[in-house]
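Q: Structure incoming, see below.
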Amino acid sequence: MTDRHPTTTSHPPPALRRRLGLVLLVLYGVGITVGAGIYVLIGTVAGHAGVHAPLAFALAAVVMAFTVGSYAELATRYPVSAGEAAYMREAYGSRLASTATGLLTVIIGIVSAAAVALGSAGYLHALVPAPRPVLVVAVVLVLGAVAAWGILQSVVVASLFTLVEVGGLVVIVMAAAGGDLPFLSALATLPPADPAVLSGIAAASLLAFFAFIGFEDLANIAEEAKDPHRNLPLAMALTLVVATLLYVLVAAVAVSAVAPAELAASEAPLSLVFQRLAGTSPATIGVIAVVATLNTVLAQMTMVSRVVYGMARLGDLPAVLGRVHGATGTPLAATGAVVAAVIVLALSVTLERLAVATSMATLLVFALVNLALIRLKRRGTTSAARHVTVPFWVPVAGLATCLAMAAFAALP
């Protein structure tokens, strides 16, 4: 008598888990966007724009808003990991374009994580007298372990980091508001019609533009977001608004408390502002800066591992990288590959070269994303998923501004 019931059953492979609600998505987006940038960038922006540094950040936010709009529509049309690669495949039906864009996104994330890991090691070196290469490897391995642990755990840790780094900026603003510093007047100061001043503000806006990079990483954790069609665009918009408010207010306080030339000459401009306003020790801002850099490294490695996973699921990378571990719910092979790449790059390339490469490559990806949405809209392509819809001129403006930024950045 034969057994009619099979002794084995086939189960679908483990998939990513939807664990992230709106609050965690916003904290993730704000954390990776604010990151370490404002803690060092404010001096350079003030050096170009002077007392008009808040205006430079505001203008950069307006420019970035166009690309945020394009990402919001595409991320809700196609809420998948490896978002940029998926967008290109839908727009052009080209595996080559999809793979190239996905790999560029991976490279950007790895380069960015390596650059910030170097910066984190620099801050840590002042607190822990260990060789910098050892600190770099330790930082990346520990954060890689957190990323492999689980998406909820990774984002919760990143969110705690976010609260610390944002808290540091809020303390600066509150210290200024509690004193007699007339920092609000810096927000109402309009620049004169002087070509030199306006040119300085334009150059500062280009620099400030890169302080807003990071929101796009939300698109690549779409498969782990709860109700992505509602929460992803809201998280992107709120990330931009929160980052803009923080940057503009902190810039106003900074140029009011310290002369712009002095800010530009300082290696730790916000540490200088802290000391002037609150009389705090440089070690205080050093600890906050370490937390900010750790947050960026963790968020970037988490994001890149999802892009690698998504590309493997699309068939653009080896299938082993698309496997999800049943216990952790994370792509362990993809995470391990990313961790190894970050360590190798951080130990072999200088920080300045990594930063320049990240900036230009990111602008190229932004331009491609806007171009993909333009093509989809012109073809009248629809999506089965309910999604945000932005006017046609939004991706057009996003493409134009990204190309203009890239051209301006390439000038000697």
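Derivation of every value follows stated rules applied to the coordinates shown; laboratory data play no part. These numbers come from a predicted model, not from an experiment. Cβ: placed from backbone, ideal geometry, glycine included. Neighbour counts: every protein chain shown.
Q: Output the peptides 327-336, 104-113 sorted from most to least packed, where packing is the average of other Cβ atoms within 10 Å over each peptide's residues.
A: The peptides rank, most packed first, as 104-113, 327-336.
Q: Sort the following peptides by mean Cβ neighbour count (other Cβ atoms within 10 Å, averaged over residues), highest first: 386-392, 198-204. Provide the component values of the computation, followed by the final result.
A: Working: 386-392: 14.6, 198-204: 17.9.
Answer by packing, highest mean first, reads 198-204, 386-392.
Q: Still on this model: Sorted by average packing, counted as other Cβ atoms within 10 angstrom per residue and highest first, what order do 89-95, 243-249 take?
A: Working: 89-95: 16.4, 243-249: 21.6.
Final packing ranking: 243-249, 89-95.
Q: Quick one: what does P(r) look like for the stretch 275-333 with 5 Å bins over all Cα pairs, in whole %?
A: Going out from 0 Å in 5 Å bins, the stretch 275-333 shows 4, 17, 16, 14, 11, 8, 8, 7, 6, 6, 4, 0 percent.
Q: Could you pull the Cα extents of the stretch 223-345 along its three principal axes, largest to smallest, in whole Å?
A: Each principal axis gives a Cα extent; for the stretch 223-345 these are 55, 37, 25 Å.
Q: If you average 1/r across every pair of different Cα atoms in the stretch 208-276 and take the reciprocal, what Kirkwood value do you get, in Å?
A: 14.2
Q: Using +1 at the C-beta of Lys and Arg and -1 at the C-beta of Asp and Glu, which of 114, 266, 58 has the Cα lying farthest in the positive direction of the dipole of the chain?
A: Checking the options against the dipole of the chain, the answer is 114.
Q: Going through the DSSP H helices of the chain, which span 20 Å or more along their own axis at the Cα atoms while scoring at least 0.0 as a mean Kyte-Doolittle hydropathy?
A: Working: long enough: 53-77 (36 Å, 1.30); 95-127 (48 Å, 1.46); 132-149 (26 Å, 2.26); 151-178 (39 Å, 2.11); 195-209 (21 Å, 1.89); 228-257 (43 Å, 1.61); 282-314 (48 Å, 1.25); 332-346 (21 Å, 2.57); 351-379 (42 Å, 1.04); 393-410 (25 Å, 1.79).
TM-like helix candidates: 53-77, 95-127, 132-149, 151-178, 195-209, 228-257, 282-314, 332-346, 351-379, 393-410.
Q: Can I ask one more? Please give the residues of the stretch 46-90, grouped as numeric ranges, whose backbone N is less than 15 Å from a label point set 7 Å along the Cα-to-Cβ vector of residue 364.
A: 85
Q: Arranged by the count of other C-beta atoms within 10 angstrom, fewest first, what order do 316, 227, 194, 217 take? Present the calculation step by step, with values, prior to reporting the outcome.
A: On the way: 316 22, 227 12, 194 9, 217 25.
Listing 316, 227, 194, 217 from fewest to most nearby Cβ atoms yields 194, 227, 316, 217.
Q: If you don't mind, another one. When the chain is fully extended, how far beyond the present Cα-Cα distance does residue 126 get from residue 94, taking 0.36 nm per residue of separation?
A: 6.6 nm
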